[in-house]
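**Student:** I'd like to ask some things about the structure below.
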Amino acid sequence: MSEVIDIGHGIAIPVEEIELRASRSGGPGGQHANKTASRIEATFDVRASTALTDAQKARIAGRLGPRVTAVAQDTRGQARNREIAVERLRQRLAVAAAPRKRRRATKPGRAAKERRLDSKRRQSERKRARRKPAIGDE
């Protein structure tokens, strides 16, 4: 059996579906950084995945796009950066794959209604006070 990455929400993605690319890392590091390809880019093609259902593909692609990428160049070693990149990819996919909670409609409470009406009364009084006095009121 091949290795899988558990994303949560009942989803597990085979490692073969994640494309890993190594390149030279930027930033300081002297000769070591100039010679080693320690930066890792992990890419997952959502639409080409065999592990996801159509609904899961639509949800993830709608939130993150058809290709999800995570990059790691934190450490000097390629192996550790690979672990970090795959973990970042897993976290991004887990957040995108989570179904959104349905909003439960609620009604405003009595205190909220009273505050709203009190605010309307104060605003009405403020505007009434700004008016020019009527002819008989002077």
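Read-outs throughout are calculated quantities, based only on the coordinates presented, and are distinct from any laboratory measurement. All of these numbers come straight from a predicted model, not from anything done at the bench. Virtual Cβ from ideal backbone geometry, glycine too; neighbours counted across all protein chains shown.
**Student:** Could you give the length gained by full extension between Gln91 and Ala51, i.e. 0.36 nm per residue of separation minus their alpha carbon distance, to one decimal place?
**Tutor:** Values: separation 40, 0.36 × 40 = 14.40 nm, distance 1.67 nm.
12.7 nm is the gain from fully extending Gln91 to Ala51.
**Student:** In addition: Please rank Leu52, Leu117, fewest neighbouring Cβ atoms within 10 Å first, as an exposure proxy.
**Tutor:** The most exposed by this proxy come first: Leu117, Leu52.
**Student:** Here's another thing I want to ask about it. Once fully extended, how much extra length lies between Ser23 and Arg131, figured as 0.36 nm per residue of separation less the alpha-carbon to alpha-carbon distance?
**Tutor:** Details: separation 108, 0.36 × 108 = 38.88 nm, distance 7.23 nm.
That pair, Ser23 and Arg131, stretches by 31.6 nm at full extension.
**Student:** In addition: If I model the chain as equal point scatterers sitting on the Cα atoms and use the Debye formula, what is log10 I(q)/I(0) at q = 0.13, 0.18 Å⁻¹?
**Tutor:** At q = 0.13, 0.18 Å⁻¹ the computed log10 ratios are -0.69, -1.00.
**Student:** For Lys132, list the lysines whose Cα falls under 30 Å from its own Cα; do not include residues on the same chain fewer than 8 positions away.
**Tutor:** In chain and number order, the partners are Lys120.
**Student:** Among the lysines, select those whose C-alpha is under 30 Å from the C-alpha of Lys101, and discard any that sit fewer than 8 residues away in the same chain.
**Tutor:** Lys57, Lys113
**Student:** Which one, Gly77, Ala42, Pro66, projects farthest toward the positive side of the charge dipole computed for segment 38-101 from Cβ point charges (K/R +1, D/E -1)?
**Tutor:** Pro66
**Student:** 222 nm [θ] for the chain, helices only, -39500 (n - 2.57) per DSSP H run of 4+, per residue, to 500?
**Tutor:** After summing the helix terms and dividing by the residues of the chain, the value is -13500 deg cm²/dmol.
**Student:** Any idea how far apart Ala37 and Ala105 come out in nm if each label point goes 7 Å out from Cα toward Cβ?
**Tutor:** 5.8 nm
**Student:** Between His9 and Gln123, 0.36 nm times their residue separation minus their Cα-Cα distance comes to what?
**Tutor:** 36.0 nm
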